[in-house]
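Contents: one structure, followed by commentary.
The values are calculated or read from the model by the stated rules, or taken from the named source; none is laboratory data. Keep in mind that what you see is a predicted model, and the values were worked out from it rather than measured. Cβ placement follows ideal geometry from the backbone for every residue including glycine, while neighbour counts extend to all protein chains displayed. Just the protein is used for accessible areas: all its heavy atoms, side chains included, with ligands, DNA and RNA removed. Shrake-Rupley method; radii C 1.70, N 1.55, O 1.52, S 1.80 Å.
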Amino acid sequence: MITDPSSGEVQALVGGKDARFRGFNRALDAARPIGSLLKPAVYLTALAEPARYTLITPLDDGPFVWKSRGAPDWEPQNYDKKFHGRVPLRVALAQSYNAATARLGTEIGVERVLDTVKKLGVERELSPFASTLLGAAEMSPLEVAQMYQTIAAGGFRSPLRAIREVTTQEGRPLQRYPLKVEQAFPPEPMVLITAAMQGVVREGTAQGLKGFLAPEIGAAGKTGTTDEQRDAWFAGFTGDRLAVVWLGYDDNRAARLSGASAALPVWGDIMAALLPLPLELPPAEGIEQVWIDPQNNLRGDSQCAGAVQLPFAQGSAPQDRSPCVSVAGAVADTVDTTVKKAKSWWERIFGR
Amino acid sequence: MILLLLNLGGCASVPEQGPAPAPVEPAPPPSVGPRENIAVAGLMESARTDAGAGRLPAAAASLERALRIEPRNPRLWQQLARVRLQQADYAQAESLAARSNSFAGGDAALRAENQRIIDEARAARR
């Protein structure tokens, strides 16, 4: 499915090899486990509490056991069968670590994650068990597109539409289906989750997109692979398009497909041909961009080795400076900030 | 500081010091906002006319068409918010004004107008 993120209009939909088949349309009707595609909802719920979680908050990707009465212990494994210890929150999403996500999700509370999923536009009731956090939930590609639509539109949910209006033969409108938006989330957590999902593409499980899209496009997305690789998913967006790809067999057999190896190339191929616009998030008032030294999670500058510039909700970024900050670097950054402020003052007075 | 800003704007050249100062290129006249694409400007005008004449669904349809061309244009979202206000769709008026704000950047006048629409929509729903 391909949609326009700002209006929710469905631009393309393919439900199977036979595009004209009038029966079961997988894009609309095939409810399949979504696996890791649910993870952005977990991380969005966390990032909405900047006092507790930021993009650099260390998470524990160690062995995790969830006990619930009357059910066997749940011990999620990571895709590579390894545990990775302490990892920054954004890395846990980029690499789709199950243990870290399960721990994070149970810490926040499954109910709160389900509430986020509902606010993202999913109407289906998901089961309130911990396993839902890792996507033991079934959705159709249409429902996944609705969920990711709200993220792609910066928190403004629009119902997906394929019809604008119904008219008489003479063109007189009988029924209109107008554009509707609803602000489901404030802008700040949306900037944060989008940055994290850009990390999935830049450094994480969706790096394969490098072969299809230039890095300047800044695409954001999430890979999804389910048990025994029965389902391969990729959902992602650029500046002007959202697309969801699902591959699998109707009889649910193990397809030996992964989101990254099977769904991602399909997505990349489609998007590359559509000449996408770069993803540029409109600046949010409550967000500041901060250079971080990943060695110690302290405030760095552009000259620090390996430093990354990340968005933070105002007041949630580390205050202490890393030893890597040199006077020259600090001065360079101050000049850079002053020049940027002056430019934006100029633009406000004189227009773009 | 002013000279630094002029250079950043790239609009005017710095006059040379010396006995015969070189002519300074005039800066382009300050624009109130970015100019719209011609098709979008036409649709906005058509929407304005329709809204003025009470043809609100037609006004909204023109604005939706314009938004398909320029989805990040805050003036389009604002104009649609105003149409919804006229149609007494207060929930949509508020949401659309908020959407306009998300693209408004530092445009204080635009934001103020969006806030006015939001306030009016909320008051009407009380």
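Name the one entry in A:31, A:51 that is in contact with a Ser or Thr (Cβ under 6 Å, 6 or more places away or on another chain) and farther than 17 Å from residue A:197 by Cα. Testing whether each residue is in contact with a Ser or Thr (Cβ under 6 Å, 6 or more places away or on another chain) and farther than 17 Å from residue A:197 by Cα leaves just A:31. For the range B:41-85, which residues satisfy the criterion of being closer than 28 Å to residue A:280 by Cβ and hydroxyl-bearing (Ser, Thr, Tyr)? The answer is B:62, and nothing else. Tell me whether the range B:112-124 contains one or more residues that are assigned to a helix (DSSP H, G or I) and within 9 Å of chain A (Cβ to nearest Cβ). Looking through the range B:112-124, none of the residues is assigned to a helix (DSSP H, G or I) and within 9 Å of chain A (Cβ to nearest Cβ).
A single member of A:284, A:305 is farther than 27 Å from residue A:16 by Cβ, assigned to a loop (DSSP other than H, G, I, E, B) and without any contact (Cβ under 8 Å) to a residue 24 or more places away in the chain, and it is A:305.
Table: residues versus (1) open to solvent by 20 Å² or more (accessible area, probe 1.4 Å); (2) closer than 27 Å to residue A:294 by Cα; (3) within 14 Å of chain B (Cβ to nearest Cβ).
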site: A:18; (1), (2), (3): yes, no, no
site: A:31; (1), (2), (3): yes, no, no
site: A:39; (1), (2), (3): no, yes, no
site: A:46; (1), (2), (3): no, yes, no
site: A:52; (1), (2), (3): yes, yes, no
site: A:61; (1), (2), (3): no, yes, no
site: A:67; (1), (2), (3): yes, no, no
site: A:79; (1), (2), (3): yes, yes, no
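Conditions tested, residue by residue: (1) part of a helix (DSSP H, G or I); (2) open to solvent by 20 Å² or more (accessible area, probe 1.4 Å); (3) farther than 24 Å from residue A:266 by Cβ.
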{"position": "A:128", "(1), (2), (3)": "no, yes, yes"}
{"position": "A:143", "(1), (2), (3)": "yes, yes, no"}
{"position": "A:147", "(1), (2), (3)": "yes, no, no"}
{"position": "A:166", "(1), (2), (3)": "no, yes, yes"}
{"position": "A:170", "(1), (2), (3)": "no, yes, yes"}
{"position": "A:209", "(1), (2), (3)": "yes, no, no"}
{"position": "A:216", "(1), (2), (3)": "yes, yes, no"}
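Apart from one condition, residue B:98 fits all of (1) more than 9 Å from chain A (Cβ to nearest Cβ); (2) assigned to a helix (DSSP H, G or I); the exception is (1). None of B:41, B:20 is more than 13 Å from chain A (Cβ to nearest Cβ) and either within 30 Å of residue A:167 (Cβ to Cβ) or at pLDDT 95 or above (or both) except B:41.
Applying the set (1) open to solvent by 10 Å² or more (accessible area, probe 1.4 Å); (2) outside any loop (DSSP other than H, G, I, E, B) to residue A:101 leaves exactly one unmet item: (1). With respect to residue A:239, is the statement that it is assigned to a loop (DSSP other than H, G, I, E, B) and loosely packed, with under 15 Cβ neighbours inside 10 Å true? So residue A:239 fails the test. If you go through the range B:71-92 and pick out every residue that is over 20 Å from residue B:41 (Cβ atoms) and away from chain A (no Cβ under 11 Å), you end up with 4.
Against the numbered list (1) without any contact (Cβ under 8 Å) to a residue 60 or more places away in the chain; (2) over 23 Å from residue A:54 (Cβ atoms), residue A:155 comes up short only at (2).
Counting the residues of the range B:93-126 that are open to solvent by 20 Å² or more (accessible area, probe 1.4 Å) and over 18 Å from the mean Cα position of the chain (by Cα) gives 7.
Any chance you could count how many residues in the range A:172-207 are open to solvent by less than 60 Å² (accessible area, probe 1.4 Å) and either assigned to a strand (DSSP E or B) or more than 14 Å from every other protein chain (Cβ to nearest Cβ) (or both)? Residues flagged as open to solvent by less than 60 Å² (accessible area, probe 1.4 Å) and either assigned to a strand (DSSP E or B) or more than 14 Å from every other protein chain (Cβ to nearest Cβ) (or both) within the range A:172-207 amount to 13.
Scanning the range B:52-66 for residues that are over 20 Å from residue A:167 (Cβ atoms) and either outside any helix (DSSP H, G or I) or facing chain A (nearest Cβ under 10 Å) (or both) yields a count of 2.
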